[in-house]
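Down below is the structure, laid out as structure tokens.
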Amino acid sequence: MNLGPLHLKHLTISPPLFCAPLAGVSHSAFRRLVADFGGYGALCTEMLLGKALLNENVGATPFTKRRTKEGIVWYQLALNGSEDIPAIMGRLDTVQPAAIDLNAGCPAPEMERQGTGVSLFEDAARFERVVRALRQAWPGILTVKCRLWKSENGWQPEFLRRLAIMENCGADAVTVHPRFFGEKLKRRARWDLFEWICRHTGMPVIANGDIGFASDIEQNAEAFAPVSGFMIGRQAVVRPWIFQEIAARLWGGPAIESVDYAAVWQKYFDYVNIDFQPQRAIGRVKEFSKYYACNFFFGHQLRTAVQKAPTLDAAHEAAMAFLSAHPKTVERPAVAGL
Ligand SMILES: Cc1cc2nc3c(=O)[nH]c(=O)nc-3n(C[C@H](O)[C@H](O)[C@H](O)COP(=O)(O)O)c2cc1C
């Protein structure tokens with residue numbers, strides 16, 4: 001298995017472990033928390049709507065803000081091809097992205113309605129226009145994140161055509177979440193397809209989907225053998241220390257001693273309150289707690305109590321009541337269904 005660093009243009013991503021773009025989650029406060037633990041090679045912003053960026057105070061909002069401690073940060077864009085891409089890239093100059101990722105895999109109905117995500121991926125001509133325009137406007141590292149295709153029926157030729165478009169337009173790498181559009185996050189990601197995917201492209205492939213433990217990588221070494229990197233989403237929200245944990249096991253990084261679950265939640269709460277206005281912060285606390293609750297045997301109690309809380313103070317009180325009682329943790333938190 002290739003566990004070496006990922007070299008893209010001038011950049012070395014070591015270890016080749018990415019924290020996924022997660023709308024509503026991978027904002028500046030969450031990235032700050034993950035950065036406290038380290039162990040990753042790069043973090044991603046949540047998807048940023050190209051048009052919205054033109055009116056945003058880039059670098060000051062929690063979606064676009066980046067702290068030095070975060071290290072390498074990928075900025076992910078959701079585009080439909082009608083945007084002024086050079087203007088958008090001009091706006092991003094302020095934050096000097098380490099790389100730009102194009103979202104071609106989001107199946108959320110709202111994104112599809114706007115012509116972004118899987119809608120862009122489906123329309124080969126429009127997809128090509130956007131990747132080419134990005135390539136022309138941005139000389140740095142450019143990646144694309146995608147799924148397989150709409151459905152199993154005849155997916156291979158369509159997928160290969162999209163890979164060829166990325167490659168011909170000069171994309172530097174592709175992240176594949178091997179599920180079909182309509183599957184959302186159901187069934188299992190098809191890790192066994194990575195060998196076929198990697199065989200059909202010269203671009204480095206970053207594997208994503210259902211990876212949550214070092215043992216997932218170790219025990220599926222054959223399936224992951226040809227990939228150049230790993231991207232983790234939901235399990236990083238459950239365990240923001242996951243990259244340190246995996247890096248310690250696979251790359252010999254510093255081991256994690258023990259986790260103080262209440263202290264981690266408290267830190268997240270504090271960071272969110274620094275970066276968000278109170279009316280926005282509560283939603284972010286609820287979203288994080290939904291995943292964090294997976295760490296515990298009776299996690300539904302934490303999840304429900306925080307979801308029901310009408311104010312930030314009430315959410316804090318409910319979470320602390322649960323977490324300060326040293327609740328029993330599960331060995332392998334599961335995110336299926338979330
Ligand atoms: C709450 C949530 C928000 C997401 N937002 C994005 C996004 O902004 N951009 C994107 O490309 N994928 C997004 N995804 C998909 C993830 O990046 C990732 O591909 C998916 O969760 C599978 O990886 P995992 O099994 O490690 O979570 C999102 C997923 C979740 C659960």
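The values are calculated or read from the model by the stated rules, or taken from the named source; none is laboratory data. It should be emphasised that the depicted structure is a prediction, and the values quoted were computed from it without experimental measurement. Note that each Cβ is placed from the backbone with ideal geometry, even for glycine, and that neighbours are counted across all protein chains shown.
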key: Subset of region 126-155 (residues that are closer than 24 Å to PRO109 by Cα and either at pLDDT below 95 or surrounded by fewer than 19 Cβ atoms within 10 Å (Cβ to Cβ) (or both))   = ARG126, GLU128, ARG129, LYS150, SER151, GLU152, ASN153, GLY154, TRP155
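Residue-by-condition table, conditions (1) in contact (Cβ under 8 Å) with a residue 60 or more places away in the chain; (2) within 24 Å of the chain's Cα centre (by Cα); (3) assigned to a helix (DSSP H, G or I):
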{"position": "PRO254", "(1), (2), (3)": "no, yes, no"}
{"position": "VAL259", "(1), (2), (3)": "no, yes, no"}
{"position": "VAL272", "(1), (2), (3)": "yes, yes, yes"}
{"position": "VAL285", "(1), (2), (3)": "no, yes, yes"}
{"position": "PHE288", "(1), (2), (3)": "yes, yes, yes"}
{"position": "ASP313", "(1), (2), (3)": "no, no, yes"}
{"position": "ALA321", "(1), (2), (3)": "no, no, yes"}
{"position": "ALA334", "(1), (2), (3)": "no, yes, no"}
key: Among the residues listed as ALA334, ALA305, the single one being at pLDDT 95 or above, crowded, with 16+ Cβ neighbours inside 10 Å and not assigned by TED's automatic domain parsing to the domain that holds PHE30   = ALA305
query = Just checking, how many residues over region 1-57 are of a type in the set (S, T, N, Q), assigned to a loop (DSSP other than H, G, I, E, B) and away from the ligand (no atom under 16 Å from the Cβ)?
reply = 4
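Somewhere in region 174-182, is a residue within 21 Å of the chain's Cα centre (by Cα), away from the ligand (no atom under 16 Å from the Cβ) and modelled with pLDDT of 95 or more? Outline the logic, then answer.
Within region 174-182, the first condition is being within 21 Å of the chain's Cα centre (by Cα), and the residues that meet it are 174-182.
Keeping just the survivors that are away from the ligand (no atom under 16 Å from the Cβ) gives none.
Within region 174-182, not a single residue is within 21 Å of the chain's Cα centre (by Cα), away from the ligand (no atom under 16 Å from the Cβ) and modelled with pLDDT of 95 or more.
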request  = State whether the residues of region 213-232 include one that is under 23 Å from ALA35 (Cβ atoms), among the aliphatic types (A, V, I, L, M) and either without any contact (Cβ under 8 Å) to a residue 60 or more places away in the chain or surrounded by fewer than 23 Cβ atoms within 10 Å (Cβ to Cβ) (or both).
outcome  = yes
ask   = Does ALA247 qualify as being out of contact with any helix residue (DSSP H, G or I) (no Cβ under 8 Å at 6 or more places or on another chain), buried (at least 21 other Cβ atoms within 10 Å of the Cβ) and under 19 Å from GLY38 (Cβ atoms)?
value = yes
